[in-house]
1. Of Leu166, Leu87, which has the most accessible area with a 1.4 Å probe, and how do the rest follow in descending order?
2. Nearest 0.05, what FRET efficiency do Glu5 and Gln132 give at R0 = 30 Å with Cβ-Cβ as r?
3. If the reach is capped at under 16 angstrom between alpha carbons, list the lysines near Lys554, excluding any in the same chain fewer than eight residues apart.
4. Around Glu187, what is the net charge, scoring Lys/Arg as +1 and Asp/Glu as -1 over all other residues with Cβ under 12 Å from its Cβ?
5. Would you compute, for the Cα atoms of the range 57-177, the largest minus smallest coordinate along each principal axis and list the three values in descending order, in whole Å?
6. Only Lys, Arg, Asp and Glu count, each charged at its Cβ (+1, +1, -1, -1), so figure out the dipole size of the chain about its Cα centre, rounded to 20 debye.
7. Aspartates and glutamates near Lys136 by alpha-carbon distance under 12 Å, same-chain residues fewer than 8 away left out - which ones?
8. Where does the chain land at 222 nm, in deg cm²/dmol rounded to the nearest 500, when only DSSP H runs of n ≥ 4 count, each adding -39500 (n - 2.57), divided by all residues?
Amino acid sequence: MKFKEMEYVRPDMEDVKKQFKTLTEDMKNATSGEAAFDVHKRYYELSGHISTAFNIAYIRHDINTADAEYSAEKNFFDENMPTIENLDVEYKKALYASKFRPYLEEKIGKVAFKNIELAEKSVDEKILPLMQEENKIVTEYNDLLASAKIEFDGKVCNLSLMTPYLHNIDRNVRKAAWEKLTEFFVENRDQLDDEYDKLVKNRTKQGEMMGYANYLPLGYARMMRNCYGRSDIAEFRKQVKRDFVPFVEKLHERRRIRLGLDHLYYYDEGVYFKQGNPDVIGDYKQILEAGRKLYGELSPETRDFMNFMCDSELFDVEGRKNKTTGGYMTYIPDYKAPFIFANFNGTSGDADVITHECGHAFQGWLTSTDPIREHADITMEAAETHSMSMEFFTEKWMNLLFGDRAQDYVDMHFEDSIMFIPYGTMVDEFQDIIYDDPALSPKARDEVWRDLEKQYKPHLDYSGNAYYEEGGFWQKQHHIYDNPLYYIDYCIAQTDALQYKVWMDEDFKAAWDSYLNFCKLSASDYFNVLIKQVGLNNPFEDGCLKNVADKLSKKLGL
């Protein structure tokens, strides 16, 4: 079935409440393990219907934020999802307390029960109004970014469509583009500060009402960090600063020499070649067809996956006005269908969608027939390992997307992947500091960001741009607003992906077999167990990043 044919039905909240109440009572009154599991299968059906409606509504809103019908449906879910989440937790409390738990644990796995513990710590009826308010503020932020209309080069561009200019071969063009982009953020700086201030205060209050000192323990529970905690991530950040930043700075210096520049400025970030970065060939339809050929040759599993995605029209990737910025993969349970949303703009980022987001979608499709729904509850560092590793496994087919500049893309992507880790880790430390001290003023927050930039990206020079020099860059990083504490998962996953890169260069088949196994294992065990099981080093273990940096340095001759 094509996405446009998928039926959307708004859930009847009274019926939802009634069904959850019945499920909860039936779980409490179950007379056997088999009967309890039968109740749980009914829960799968209900939660699947709700998730399907939620995702269809959000996708159709994001495709056109000016669509009044789906804007109303998104508002409906913003208001009601906290209530549904609370009902879900109440049901899972009954599941957790079942006298038939040994039977149920055998059926759905020990990880599921640990996640129930975290779910109980993440939501309560008393904080529902705050969660509803949080959703509304996040929507306001994203709608503000989506509304950007930047006049440049005789065109009116949204934020995504400005990207080609930000990486233009002509240094004067990209400098002017960055200045125009900055104007949008400067004009909206007060509103962006106000929205984030409200979010920090709101989330802090939620944490306090749940019995925590601040938002951080609540945020970690919501991220389902079931096998590591704040101290583990702090250790990872230490590794990045000690073992990775010096290595990455050498890459920036090598990039400066390659570009033939005396000095790197902020508008030189993301530019890798004197002749300009390689751009994808063709429009979005041609890129999707190239993706179909790529995955058709990679493996039988990826061939069937991509045919399903294309034939079912499960992509919306064309950049358009009134479309939400960014990109993502989500899953529509009732149709066993991943969906990929993006904003193609003619840059190499379009290829990243075909590799990165398809990595997410492939894993979701690969495990879509698993009858145990909890196995789909993968934690984010595992999910991002699926996607970021796929970026490397597809390298040998980049000629389909870049023609004779395929190798340039491969080299650029490799360097960019390495350079991302300090930036992503910095985003996490920024949030850790902000939520640990929620009383910080907007100015103080900017100062925190700028100080972190000097630690994680010491080469950065914002000369001539007061907004960034004062520490305003973080306001364009939407994860900080709408996915708090998420960004570090990318960094953990990138560490895994780089391990796969080293491995596949030595033995592609062995690395692919490991990756395929990792995808199939899904959430059947904890991340720190799975990562060892498939032959990778745990990023939290001291020495992991040094080992990666040493191998990459040798590969690059640094």
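1. Descending order: Leu87, Leu166.
2. 0.40
3. Lys250, Lys501, Lys546
4. Counting the neighbours of Glu187, the net charge comes to +1.
5. For the range 57-177, the Cα spread along each principal axis is 68, 32, 23 Å.
6. With Lys and Arg at +1 and Asp and Glu at -1, about 740 debye.
7. Straight-distance partners of Lys136: Asp78, Glu79, Glu195, Asp482.
8. Theoretical 222 nm ellipticity from helices: -20500 deg cm²/dmol.
The values are calculated or read from the model by the stated rules, or taken from the named source; none is laboratory data. Source: prediction; values computed, not measured. Note: ideal-geometry Cβ built from the backbone for every residue, glycine included; neighbour counts use all protein chains shown. Side chains are part of the model used for accessible areas, which takes the heavy atoms of the whole protein and leaves out ligands, DNA and RNA. Shrake-Rupley method; radii C 1.70, N 1.55, O 1.52, S 1.80 Å.
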